[in-house]
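Data first, discussion second: the structure below is written as structure tokens.
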Amino acid sequence: MLHPQSAVIEPPTALPSLGPIGEPRRQPRPPQPTPQHQSDHPAEIHPELAAQPAILAIDRFSLFYGRQQALYDISMSIPAGKVTALIGPSGCGKSTLLRSFNRLNDLIDHVRIEGSISLDGQPIYARHVDVIELRKRMGMVFQKSNPFPMSIFENVVYALRLAGENRRAVLMEIAERSLRGAALWDEAKDRLHSSALSLSGGQQQRLCIARAIAADPEVLLMDEPCSALDPTATAKVEELIHSLRGRYTIVVVTHNMQQAARVSEYTAFMYLGRLMEYGPTKAMFVNPRRRETEAYVTGRFG
Amino acid sequence: MFRSFHNSLTRAQSKLMFGICALFTVIILGLLGLVAGYLVSIGVGSLSWSFFTELPTGRPESPGGMRHAIEGTVILIALASFVGIPLGLLVGIYLAEYSKEWWLAGPVRFIADVLAGVPSIVVGILGYELLVVPLGRYNGWAGAMALAFIMVPIVARTTEEMLRLVPNTYREASLALGATKARTILRVVVPAATGSIVTGVMLAVARVAGETAPLLFTALGSRLLTRNPNQPFPSLTVQVFTYATGPYPEQKRLAWAGILVLISLIFVLNLAIRYMARRPGIAS
């Protein structure tokens with residue numbers, strides 16, 4: 001299945017037509033029913049991943065919005081301390097998968113799941129799991145920056161206040177560390193107590209990242225964190241992801257393949273609710289094993 | 001040629017539309033100015049220091065002031081707000097944030113809409129039956145509760161609408177950090193909508209401040225200065241009604257002044273609360 005770079009690639013005639021990309025998406029759109037030929041293939045998972053210690057283990061995970069199935073039998077593991085990108089066309093389920101990690105999909109009516117996801121070996125969908133505690137172990141950054149209507153400082157320490165931390169000195173120290181971590185300290189240090197909404201769009205998104213890392217989460221989930229930002233702000237956030245690499249496990253959903261190539265160490269390609277291929281980013285872009293991956297990363301559909 | 005003709009036609013249409021809208025805005029503003037100007041021109045003449053400090057004398061030719069009614073109205077509004085605003089806010093929060101979890105929301109919303117449209121005299125009769133008859137006399141509590149009853153549906157529905165405008169990502173961001181739903185609502189959702197909720201609350205306050213009918217059956221009105229809501233209770237609106245429908249020109253003039261004071265009161269209250277509640281709104 002390996003295509004040499006120079007090979008003439010046949011057009012992806014087998015692929016059904018897809019919706020346009022780049023449009024804002026509030027709810028992950030359930031995929032269309034899948035043609036039979038695709039479900040025959042198990043996901044192509046590169047062997048390099050087996051050597052990595054996993055922090056999140058997804059085992060035969062399926063998710064339904066009512067009768068619509070959004071995720072089909074996904075099995076993969078997210079390596080600890082690495083940046084993993086989820087790519088794929090609109091409606092492929094990558095955001096849904098991301099939101100399954102911190103059970104944010106629970107908020108949507110009529111969501112049903114099968115299979116399991118484990119964080120550090122503990123199943124997160126088990127009956128006794130405290131969702132609040134689970135979410136405290138993860139940070140999340142959203143597509144559109146959403147700083148709370150309070151001061152910059154209060155935004156950053158929100159999670160700490162939730163944990164009952166009210167000592168001024170501790171909060172201040174963590175606020176500084178988080179804002180430095182999010183490369184926002186220099187711009188924000190003189191206005192910590194002014195409204196977070198007075199920041200620019202790119203600054204707001206970095207503030208959201210600072211807020212997400214303040215409580216020192218084990219996993220940082222990013223749902224298209226740059227899609228509403230201009231190129232300069234995007235570059236800053238990407239640099240930031242780079243600098244956070246190693247300290248946090250980061251899972252980033254992106255529409256932008258160049259971005260996935262730039263920031264991630266591992267890339268998973270999803271299509272119509274299925275995991276198609278998953279491997280080291282370089283291999284995924286240079287030597288994709290599946291035809292669909294190749295067609296997508298070369299920009300011929302999606 | 002046709003194309004440019006068409007363009008100029010659409011441009012003319014656009015200008016016409018603007019013209020019509022502007023015209024009617026000016027008409028409405030003009031009417032408002034007319035009412036306010038008329039009120040001020042007549043009312044100011046009757047305003048004097050004694051209006052605020054004196055009580056009714058009972059003599060038609062020199063009727064004294066309306067201190068009792070001003071104080072009475074302020075106390076009635078305060079009591080009504082104390083009950084009506086928290087209740088309305090809580091119902092609004094329930095409707096906007098919790099309604100998915102229970103079947104009760106539909107009926108509550110419907111009833112709130114119906115109540116918001118009930119003529120206030122009906123509320124007065126209700127207050128009479130529930131709080132005047134059992135207590136054996138007209139009293140201030142009944143008046144305040146009748147006003148609160150009018151406030152609740154207004155506050156509840158505006159609160160609900162304003163909370164629904166808060167983008168869902170705010171809730172998700174807070175929940176994703178491990179906040180409980182209650183905390184998310186109190187710390188993030190409600191503050192994000194504070195500005196517009198305050199507007200709704202002020203509308204409700206202004207609405208009840210001008211109510212007369214429910215007070216006629218409940219607080220009744222009084223010519224005495226009282227701060228005891230167990231007794232018949234004075235209010236500007238009822239006092240104005242009494243004077244304005246009476247035969248004495250001096251009292252009629254006092255009624256004009258009373259209306260002017262009432263409107264100024266609402267205006268000042270509005271500004272004050274807006275100033276206090278000034279907070280960053282939702283990012284656009």
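The values are calculated or read from the model by the stated rules, or taken from the named source; none is laboratory data. All figures in this text were calculated on a predicted structure; none of them were measured in a lab. With ideal geometry, Cβ positions are generated from the backbone for all residues, glycine too; neighbour counts draw on all protein chains shown.
Out of segment B:207-218, which residues are buried (at least 20 other Cβ atoms within 10 Å of the Cβ), of a type outside the set (Gly, Ala, Ser) and more than 17 Å from B:Val91 (Cβ to Cβ)?
Once the filter is applied, which keeps residues that are buried (at least 20 other Cβ atoms within 10 Å of the Cβ), of a type outside the set (Gly, Ala, Ser) and more than 17 Å from B:Val91 (Cβ to Cβ), segment B:207-218 yields B:Glu211, B:Pro214, B:Leu215, B:Leu216, B:Phe217, B:Thr218.
Scanning for something surrounded by fewer than 24 Cβ atoms within 10 Å (Cβ to Cβ) and more than 21 Å from the chain's Cα centre (by Cα), does segment A:208-227 turn up at least one residue?
Looking through segment A:208-227, none of the residues is surrounded by fewer than 24 Cβ atoms within 10 Å (Cβ to Cβ) and more than 21 Å from the chain's Cα centre (by Cα).
Check off (1) touching a residue at least 24 places away in the same chain (Cβ under 8 Å); (2) more than 18 Å from B:Arg157 (Cβ to Cβ) for B:Lys252 and give me the number that stays unchecked.
Evaluating B:Lys252 over (1) touching a residue at least 24 places away in the same chain (Cβ under 8 Å); (2) more than 18 Å from B:Arg157 (Cβ to Cβ) leaves (1) as the failure.
Sort through B:Thr242, B:Thr218 and tell me the only one that's within 24 Å of B:Val132 (Cβ to Cβ) and part of a helix (DSSP H, G or I).
Every option except B:Thr242 fails the conditions.
Does segment A:259-302 hold any residues that are of a type in the set (A, V, I, L, M, F, W, C), within 27 Å of A:Glu239 (Cβ to Cβ) and out of contact with any helix residue (DSSP H, G or I) (no Cβ under 6 Å at 6 or more places or on another chain), and which are they?
Passing the criteria: A:Ala260, A:Ala268, A:Ala283, A:Met284, A:Val286.
Checking B:Glu211 against (1) outside any loop (DSSP other than H, G, I, E, B); (2) touching a Ser or Thr at 6+ places or on another chain (Cβ under 8 Å), which single condition isn't satisfied?
In the conditions (1) outside any loop (DSSP other than H, G, I, E, B); (2) touching a Ser or Thr at 6+ places or on another chain (Cβ under 8 Å), B:Glu211 misses (1) alone.
Here is a list: A:Phe148, A:Phe142. Which entry is touching a Pro at 6+ places or on another chain (Cβ under 9 Å), within 12 Å of another protein chain (Cβ to nearest Cβ), more than 30 Å from A:Gln52 (Cβ to Cβ) and in contact (Cβ under 8 Å) with a residue 24 or more places away in the chain? Show your work before the answer.
Details: A:Phe142 fails: more than 30 Å from A:Gln52 (Cβ to Cβ).
None of the other options fit; the residue is A:Phe148.
Would you mind stating whether B:Val155 is outside any helix (DSSP H, G or I) and under 30 Å from B:Gly72 (Cα atoms)? Spell out the reasoning first.
Values: outside any helix (DSSP H, G or I): no; under 30 Å from B:Gly72 (Cα atoms): yes.
In short, no.
Just to verify a result, which residue in segment A:170-192, among those that are within 16 Å of A:Gln204 (Cβ to Cβ) and within 14 Å of chain B (Cβ to nearest Cβ), is farthest from the chain's Cα centre (by Cα)?
Applying the filter and picking the extreme gives A:Arg191.
Quick one: count up the residues across segment B:83-104 that are within 14 Å of chain A (Cβ to nearest Cβ) and buried (at least 17 other Cβ atoms within 10 Å of the Cβ).
1
Which numbered condition in (1) out of contact with any Ser or Thr (no Cβ under 9 Å at 6 or more places or on another chain); (2) of a type outside the set (A, V, I, L, M, F, W, C); (3) modelled with pLDDT of 90 or more is the only one that A:Asp109 fails?
Of everything listed in (1) out of contact with any Ser or Thr (no Cβ under 9 Å at 6 or more places or on another chain); (2) of a type outside the set (A, V, I, L, M, F, W, C); (3) modelled with pLDDT of 90 or more, A:Asp109 misses just condition (3).
Can you name the number of the only condition in (1) modelled with pLDDT of 85 or more; (2) in the same structural domain as B:Arg207 (by TED's automatic domain parsing) that B:Leu31 fails?
(2)
For segment A:198-232, enumerate the residues that are of a type in the set (Lys, Arg) and either within 12 Å of chain B (Cβ to nearest Cβ) or in contact with a strand residue (DSSP E or B) (Cβ under 6 Å, 6 or more places away or on another chain) (or both).
Within segment A:198-232, A:Arg211 is the sole residue that qualifies.
Among residues belonging to segment B:174-206 that are of a type in the set (Gly, Ala, Ser), buried (at least 22 other Cβ atoms within 10 Å of the Cβ) and more than 30 Å from B:Ser264 (Cβ to Cβ), point out the one that is farthest from the other protein chains (Cβ to nearest Cβ).
Only one residue tops the list, namely B:Ser174.
Tell me which residues, restricted to segment B:118-173, are of a type in the set (S, T, N, Q), over 19 Å from the mean Cα position of the chain (by Cα) and away from every other protein chain (no Cβ under 14 Å). Break it down into steps so the answer makes sense when it comes.
Taking segment B:118-173 and keeping what is of a type in the set (S, T, N, Q), we get B:120, B:139, B:158-159, B:168-169.
Still in the list and also over 19 Å from the mean Cα position of the chain (by Cα): B:139, B:168-169.
Passing the criteria: only B:Asn139.
Checking A:Leu134 against (1) in contact with a strand residue (DSSP E or B) (Cβ under 9 Å, 6 or more places away or on another chain); (2) at the interface with chain B (Cβ under 7 Å from one of its Cβ atoms), only one condition comes out false. Which one?
Result: A:Leu134 fails condition (2) only.
Consider segment A:151-169. How many of its residues are more than 8 Å from chain B (Cβ to nearest Cβ) and under 28 Å from A:Thr254 (Cβ atoms)?
Summing the residues that are more than 8 Å from chain B (Cβ to nearest Cβ) and under 28 Å from A:Thr254 (Cβ atoms) in segment A:151-169 gives 3.
Residues in segment A:115-125: is at least one within 13 Å of another protein chain (Cβ to nearest Cβ) and touching a residue at least 24 places away in the same chain (Cβ under 8 Å)? Before the answer, list the steps.
Our first condition is that a residue be within 13 Å of another protein chain (Cβ to nearest Cβ); within segment A:115-125, this holds for none.
Within segment A:115-125, none of the residues are within 13 Å of another protein chain (Cβ to nearest Cβ) and touching a residue at least 24 places away in the same chain (Cβ under 8 Å).
Given the conditions (1) outside the structural domain of B:Pro249 (by TED's automatic domain parsing); (2) of a type outside the set (Ser, Thr, Tyr); (3) at positive phi, which single one is not true for B:Gly64?
(1)
Return yes when B:Arg223 is part of a loop (DSSP other than H, G, I, E, B), among the basic types (Lys, Arg) and away from every other protein chain (no Cβ under 14 Å) and no when it is not.
The answer is yes for B:Arg223.
Return yes or no: is B:Gly117 within 30 Å of B:Val268 (Cα to Cα), in contact with a strand residue (DSSP E or B) (Cβ under 8 Å, 6 or more places away or on another chain) and either free of Cβ contacts under 8 Å to residues at least 40 places away in the same chain or of a type outside the set (A, V, I, L, M, F, W, C) (or both)?
Answer is no for this residue.
Please work out which residue is farthest from the chain's Cα centre (by Cα), limiting yourself to segment B:182-193 and to residues that are farther than 17 Å from B:Val91 by Cβ and in contact (Cβ under 8 Å) with a residue 12 or more places away in the chain.
Residues of segment B:182-193 that are farther than 17 Å from B:Val91 by Cβ, as a first pass: B:183-184, B:187-188, B:191-192.
Now drop any that are not in contact (Cβ under 8 Å) with a residue 12 or more places away in the chain, which leaves B:184, B:187-188, B:191-192.
Values: B:Thr184: 29, B:Arg187: 26, B:Val188: 26, B:Pro191: 21, B:Ala192: 22 Å.
The selected residue is B:Thr184.
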